[in-house]
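Below: the structure, in structure tokens.
The values are calculated or read from the model by the stated rules, or taken from the named source; none is laboratory data. On a predicted model such as this, the values are computed, not experimentally measured, just so you know. Counting neighbours? That spans all protein chains shown, and the Cβs are built from the backbone with ideal geometry, glycine included.
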Amino acid sequence: MSDAPSVASGSADVPEALAEPTRRVSSRWVSSVVAVNWGINVAFFAPINVLIGLQATAIDESQKEAILSLVTACGAMVALFANPLTGALSDRTSSRFGRRRPWVLGGVIIAVAALLVMSGATSVAVMVLAWSALQLGANAMYSTIFAAIPDRVPVEQRGSVGGFAAMGQTLGILTGAVIGFVINGNVPLGYLLCTVLIALSVVLYLFVGDDPALPRSLVSPWKWSEFLAGFWVSPRKYPDFAWAWITRFLMFVGNQLTIVYLLFFLTDVIKHPDPAGGVLVLTGVYAVMTIATTVLAGRWSDAVGKRRVFVAGSSALIAVAALIMAFAPVFPAAVVGAAVLGAGFGAYLAVDFALLTQVLPSSANRAKDLGVVNIAASLPQVIAPTIALIAVTQLGGYRVMFILAAAIGLLAAVLVYRIKSVP
């Protein structure tokens, strides 16, 4: 195992691309990052919440849960490797356009092509391949735009900027739900709208993004052994990074379990007369609460200089939301659950991101290390659909699935206090 950075750091003069940022970023720069996060999540959640479910039902209604789980799990496996890989490659990129922008551009091109293929997919195999390609492109965008924040934002502003970035994610989720509702079952139209929106989302960042170039002289010779070893961050040497990874993993497993079968939960358990419309209502409530808490919690956390209490509290709220869904399977209760889930996850996204940037091992490898962190968000997309499928079909149904989600969220709330270097 080697913890050495892949970018040489022997120069006494640290280049701007590697220096710890001290100048507050502009609202225009923040807007560009928010827009990219919005576009990525439109492309993720319109398919996950509605479109893939409709395609799965059209292919084989009796196996719709299994098809949805297979497609999303295969895509998440790609994300598992694509996120840290593209992040690490962007750390070494010495383009005159910067380290991050070339990867945002390349990622959106792949994502657009994959969405167009998904729009015409009528078999499970094509869905798996196209969704995997979408995960590759979107995760190349995500890993690099994620790393742009610690690249350019000073520590005392990261909670606020993290809150706005999380707001972009939430708006993307809401937009995805709107798309699922307005298309009235027209799956190709839904994918076309996703394609247009993700393409538009990158324009501002590509043209105004502050992305200093890394001098080519500071890029060390490529060695596969060092490159692969760099993906291992020693828990013994960096224990706080390890605990931050574990808590993030648990949080995303719990959250994913709560939402993965939402369309089917409304259809089969609540018996909602318009499941896609129900998804829109729940997502709208979730989005309003998330947007409110991301901005509020991010700024509050910056002001008091504390992170862990916010992360623990938000984890507990997510557990409460899952329990509401478990024991009150009626639509009004689901609306309350969506509000609680949004409040918890919004606060979590803003503050946990700021916490994570404070435990990164190396400024030279921010995107690679954040890519390793993002495995904690991608791996649950593989694990949670499998747990959900087993819980729903073998262990007693949706109530068991939601109880598992609550237990996992509460465990995350406890373990965040193992992080010692961040208050």
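One residue stands out among those in region 31-61 that are over 20 Å from the mean Cα position of the chain (by Cα) and polar (S, T, N, Q): the one that is farthest from TRP103 (Cα to Cα), which is THR57. Looking across region 252-274, the residues that are surrounded by fewer than 22 Cβ atoms within 10 Å (Cβ to Cβ) and assigned to a helix (DSSP H, G or I) come down to PHE264, THR267, ASP268.
Return a yes/no flag: does region 364-374 have any residue that is within 25 Å of LEU389 (Cβ to Cβ), in contact (Cβ under 8 Å) with a residue 40 or more places away in the chain and out of contact with any helix residue (DSSP H, G or I) (no Cβ under 7 Å at 6 or more places or on another chain). No, because not a single residue in region 364-374 is within 25 Å of LEU389 (Cβ to Cβ), in contact (Cβ under 8 Å) with a residue 40 or more places away in the chain and out of contact with any helix residue (DSSP H, G or I) (no Cβ under 7 Å at 6 or more places or on another chain). Checked against the criteria, ALA138 does not count as more than 19 Å from ALA76 (Cβ to Cβ) and either small (Gly, Ala, Ser) or under 12 Å from the mean Cα position of the chain (by Cα) (or both). Are any residues in region 251-283 among the hydroxyl-bearing types (Ser, Thr, Tyr) and touching a residue at least 60 places away in the same chain (Cβ under 8 Å), and if so, which ones? Answer for region 251-283, where residues must be among the hydroxyl-bearing types (Ser, Thr, Tyr) and touching a residue at least 60 places away in the same chain (Cβ under 8 Å): THR258, TYR261, THR283.
Name every residue in region 123-167 that is within 20 Å of ASP369 (Cβ to Cβ) and modelled with pLDDT under 85, in order of residue number. Listed by number, the residues that qualify are VAL155, ARG158, GLY159, GLY162, ALA166. Summed over region 320-348, residues that are surrounded by 24 or more Cβ atoms within 10 Å (Cβ to Cβ), aliphatic (A, V, I, L, M) and farther than 18 Å from GLY284 by Cβ total 2. Taking first residues from region 340-360 that are within 15 Å of ASP302 (Cβ to Cβ) and partners that are acidic (Asp, Glu) and part of a helix (DSSP H, G or I), the Cβ contacts under 8 Å between residues at least 6 apart in sequence or on separate chains come to ALA354/ASP302.
Filtered by the rule that a residue be closer than 16 Å to ILE375 by Cα and without any contact (Cβ under 8 Å) to a residue 40 or more places away in the chain, region 229-243 gives PRO235, ALA242.
Among the residues of region 378-391, which ones are modelled with pLDDT of 80 or more and not polar (S, T, N, Q)? The answer is LEU379, PRO380, ILE383, ALA384, PRO385, ILE387, ALA388, LEU389, ILE390, ALA391. Restricting VAL311, VAL330 to those that are farther than 21 Å from PHE164 by Cβ and aliphatic (A, V, I, L, M) reduces the list to VAL330. Of everything in region 7-30, what is part of a loop (DSSP other than H, G, I, E, B), more than 25 Å from the chain's Cα centre (by Cα) and either within 20 Å of GLY87 (Cα to Cα) or at pLDDT below 50 (or both)? Give them in sequence order. Across region 7-30, the qualifying residues are ALA8, SER9, GLY10, SER11, ALA12, PRO15, GLU16, ALA19. Figure legend. Inter-residue proximity from region 110-122: first residues without any contact (Cβ under 8 Å) to a residue 24 or more places away in the chain and on the phi < 0 side of the Ramachandran plot, second residues assigned to a helix (DSSP H, G or I) and crowded, with 22+ Cβ neighbours inside 10 Å, beta-carbon distance below 7 Å, spacing 6+ or different chains. Indicated pairs: ALA114/ALA130; ALA114/LEU134; ALA114/GLY137; VAL117/ALA130.
Does at least one position in region 63-82 carry a residue that is within 15 Å of the chain's Cα centre (by Cα), of a type outside the set (Gly, Ala, Ser), part of a helix (DSSP H, G or I) and over 26 Å from LEU174 (Cα atoms)? Yes, region 63-82 contains a residue that is within 15 Å of the chain's Cα centre (by Cα), of a type outside the set (Gly, Ala, Ser), part of a helix (DSSP H, G or I) and over 26 Å from LEU174 (Cα atoms).
Yes/no per residue for (1) surrounded by fewer than 15 Cβ atoms within 10 Å (Cβ to Cβ); (2) more than 19 Å from the chain's Cα centre (by Cα):
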residue	(1), (2)
GLY209	no, yes
LEU214	no, yes
TRP224	yes, yes
TYR238	no, yes
PHE241	no, no
ALA244	no, no
THR247	no, no
LEU250	no, no
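When THR170 is evaluated against the numbered criteria (1) assigned to a loop (DSSP other than H, G, I, E, B); (2) modelled with pLDDT under 85, which criterion, by number, is the only one it fails? Looking at each condition in turn, THR170 falls short on (1). Is it the case that some residue within region 288-296 is more than 24 Å from ILE419 (Cα to Cα) and either free of Cβ contacts under 8 Å to residues at least 24 places away in the same chain or in contact with a Gly (Cβ under 6 Å, 6 or more places away or on another chain) (or both)? Among the residues of region 288-296, at least one is more than 24 Å from ILE419 (Cα to Cα) and either free of Cβ contacts under 8 Å to residues at least 24 places away in the same chain or in contact with a Gly (Cβ under 6 Å, 6 or more places away or on another chain) (or both), which makes the answer yes. Checked against (1) more than 30 Å from ARG216 (Cβ to Cβ); (2) crowded, with 19+ Cβ neighbours inside 10 Å, GLY98 passes all but a single condition, namely (1).
Residue-level check: of (1) free of Cβ contacts under 8 Å to residues at least 12 places away in the same chain; (2) in a helix (DSSP H, G or I); (3) among the aliphatic types (A, V, I, L, M), VAL33 misses just (1). Cβ separations smaller than 6 Å between residues 6+ apart or across chains give the following pairs from region 149-169 residues that are surrounded by fewer than 24 Cβ atoms within 10 Å (Cβ to Cβ) to residues that are polar (S, T, N, Q) and assigned to a loop (DSSP other than H, G, I, E, B): PRO154/THR22.
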